[in-house]
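Colleague: Here it is, the structure, as structure tokens.
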Amino acid sequence: MSSLVLFPEGGYTGGDSISKHKDLAASSTTSLHPQQPPVPSLSPGVNGSISLGKTKAGLDLKIRSYPQFATLQEERHYRKTHLAAAFRIFAERGYDEGVAGHISVRDPILTDHFWLNPLSMHFAQIRVSDLILVDEEGRIVEGNEPINTAAFTIHSAIHRARPDVHAACHAHSVHGKAFSVFGRELDMITQDSLRFYKSHGVYRHFGGVVVDADEGARIAGALGGGKAVILQNHGLLTVGGSVDEAAFWFMSMDRTCHAQLLADAAAAGSGCEKKLIDEDECEHSARSVGGPEKGWLAFQPYYDDILARTKGDFLG
């Protein structure tokens with residue numbers, strides 16, 4: 001079975017299900033053990049993914065994928081609802097700090113405009129109706145609250161430099177800003193860290209609150225064509241082809257920073273050497289865990305959970 005799904009960038013990913021069964025049981029009639037059932041051989045799909053989607057009854061189960069929309073208005077609504085959900089999820093993880101932190105999503109109709117959070121509203125209270133639409137000059141097109149100047153400076157530079165990016169996340173998460181003080185990239189020491197293999201950069205400068213357009217452009221330059229950038233002495237910034245993808249990369253990167261801080265501390269205290277993942281394995285495994293469709297899909301359980309627990313409060 002091959003399941004074919006469309007994701008935001010228009011690329012396809014396939015997942016091959018169980019291939020031909022291979023009977024590995026011994027054929028000897030003198031064996032004291034009953035013959036074992038055939039062991040399935042898992043066939044890697046596109047980009048090394050493995051999906052099991054064939055039922056015993058022969059039905060092909062489809063992988064959840066970024067939806068297709070009948071109108072751009074429908075897609076705008078989808079992007080805004082998932083943006084509001086991302087703020088609620090970030091709040092639960094403690095990524096809020098005063099009025100710092102922001103997530104943006106590009107508008108699918110006015111493509112040089114993007115939606116942001118209001119300046120003084122806590123992440124945990126944001127609803128769809130609270131979101132602010134801002135144009136390329138920083139003027140508010142929809143909404144009744146001011147926006148964070150740094151938010152516009154950073155996000156406008158990224159959306160301008162990266163037409164493929166539809167969303168960006170920045171917050172002062174504890175583990176992200178703790179790791180940022182080293183001004184270095186993550187080590188490839190865990191499977192999860194491979195999501196950022198050769199796809200994240202470091203902005204090795206701190207110039208205070210980002211209110212200068214040139215500073216925003218330099219941050220976009222440090223991001224390059226990647227999915228994340230570590231802002232030295234500041235925090236993390238992630239991007240994606242959907243707000244779901246960008247938000248999951250942020251969550252994963254913050255936890256990866258946490259894991260490395262723990263590993264580095266343990267190594268320093270014990271004298272044990274960290275084992276880095278081999279370069280060849282990094283290349284192979286990064287394709288399995290770091291694609292845009294993987295980021296989008298990984299966010300869906302969090303969206304489902306916040307939707308159920310809040311009874312859709314953020315949709316208002």
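The values are calculated or read from the model by the stated rules, or taken from the named source; none is laboratory data. All values reported here derive from a predicted model rather than from experimental measurement. All Cβ positions, even for glycine, are placed from backbone atoms using ideal geometry, and neighbour counts span all protein chains on display.
Every residue, every condition in (1) more than 27 Å from Asp164 (Cβ to Cβ); (2) hydrophobic (A, V, I, L, M, F, W, C), yes or no:
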position: Ala267; (1), (2): yes, yes
position: Ser270; (1), (2): yes, no
position: Ser285; (1), (2): no, no
position: Val289; (1), (2): no, yes
position: Asp304; (1), (2): no, no
position: Arg309; (1), (2): yes, no
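Colleague: Name the single residue that is surrounded by the most Cβ atoms within 10 Å (Cβ to Cβ) among those in the stretch 77-109 being touching a Lys or Arg at 6+ places or on another chain (Cβ under 9 Å) and of a type in the set (A, V, I, L, M).
Modeller: Step by step, filter the stretch 77-109, then rank; the result is Val105.
Colleague: Going through the stretch 169-184 one residue at a time, which ones are within 16 Å of His258 (Cβ to Cβ), in a loop (DSSP other than H, G, I, E, B) and not aliphatic (A, V, I, L, M)?
Modeller: His172, Ser173, Phe182, Arg184
Colleague: Another question about this same structure. From the residues in the stretch 55-74 that are within 21 Å of the chain's Cα centre (by Cα) and surrounded by fewer than 18 Cβ atoms within 10 Å (Cβ to Cβ), which one is nearest to Cys169 (Cα to Cα)?
Modeller: Among those that are within 21 Å of the chain's Cα centre (by Cα) and surrounded by fewer than 18 Cβ atoms within 10 Å (Cβ to Cβ), it is Pro67.
Colleague: Ok, one more. Output the residues belonging to the stretch 232-253 that are under 8 Å from the mean Cα position of the chain (by Cα) and within 18 Å of Ser180 (Cα to Cα).
Modeller: If the condition is that a residue be under 8 Å from the mean Cα position of the chain (by Cα) and within 18 Å of Ser180 (Cα to Cα), then Thr238, Val239, Trp249, Phe250, Met251, Ser252 are the ones that fit.
Colleague: Taking the stretch 120-135 only, how many residues are closer than 11 Å to His102 by Cβ and out of contact with any helix residue (DSSP H, G or I) (no Cβ under 8 Å at 6 or more places or on another chain)?
Modeller: So the answer is 1.
Colleague: With the stretch 68-168 as the region, which strands (runs of 3 or more DSSP E) entirely inside it contain at least 3 residues that are closer than 22 Å to Lys227 by Cα and assigned by TED's automatic domain parsing to the domain that holds Asp244?
Modeller: 102-106, 114-116
Colleague: Of all residues in the stretch 109-124 being among the polar types (S, T, N, Q) and in contact (Cβ under 8 Å) with a residue 12 or more places away in the chain, which is nearest to Phe90 (Cα to Cα)?
Modeller: Top of the filtered list is Asn117.
Colleague: Still on this structure, I have one more. Report every pair of residues separated by at least 6 positions or lying on different chains whose Cβ atoms are under 9 Å apart, first residue within the stretch 125-137 and within 16 Å of Ala86 (Cβ to Cβ), second basic (Lys, Arg) and exposed (fewer than 14 other Cβ atoms within 10 Å of the Cβ).
Modeller: none
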